[in-house]
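Working notes, structure below.
The values are calculated or read from the model by the stated rules, or taken from the named source; none is laboratory data. Small disclaimer: the values here were computed from a predicted structure and weren't measured. Here the Cβ positions follow ideal geometry from the backbone for every residue, glycine too, while neighbour counts run over all protein chains shown.
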Amino acid sequence: MPAVEIPEAFKRTAKKKDLPLQRAIARCIELLADDPRHSGLQAHRMQGRPGVWEAYVDRANRVTFHYDGPTIVLRKNCNHDILRRP
């Protein structure tokens, strides 16, 4: 089970989301911590962004992250359409 690092910028962005989306983001983080390859996350490398991965929060929202050794470092939580800058 990998450790998950949640930077302050990630937390600030998540707090601005509505409550159901905040809960979905929290659930996504729990699944990442438990098993990054969980099928519900559909985690995969991002095209054109070496070392950056994305996982599904829901159909429209994603969490991006990278690995720092065995640690998962969260980067952004955002709508799928604005993932050009993960």
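Take P50 and tell me if it is surrounded by fewer than 13 Cβ atoms within 10 Å (Cβ to Cβ) and of a type outside the set (S, T, N, Q). Break it down into steps so the answer makes sense when it comes.
Details: surrounded by fewer than 13 Cβ atoms within 10 Å (Cβ to Cβ): yes; of a type outside the set (S, T, N, Q): yes.
It is true that P50 is surrounded by fewer than 13 Cβ atoms within 10 Å (Cβ to Cβ) and of a type outside the set (S, T, N, Q).
Restricting attention to segment 1-16, the residues that are in contact with a helix residue (DSSP H, G or I) (Cβ under 8 Å, 6 or more places away or on another chain), over 19 Å from P70 (Cβ atoms) and surrounded by fewer than 17 Cβ atoms within 10 Å (Cβ to Cβ) add up to 1.
Every listed requirement among (1) at pLDDT below 95; (2) out of contact with any helix residue (DSSP H, G or I) (no Cβ under 9 Å at 6 or more places or on another chain) is met by R59 save one, (2).
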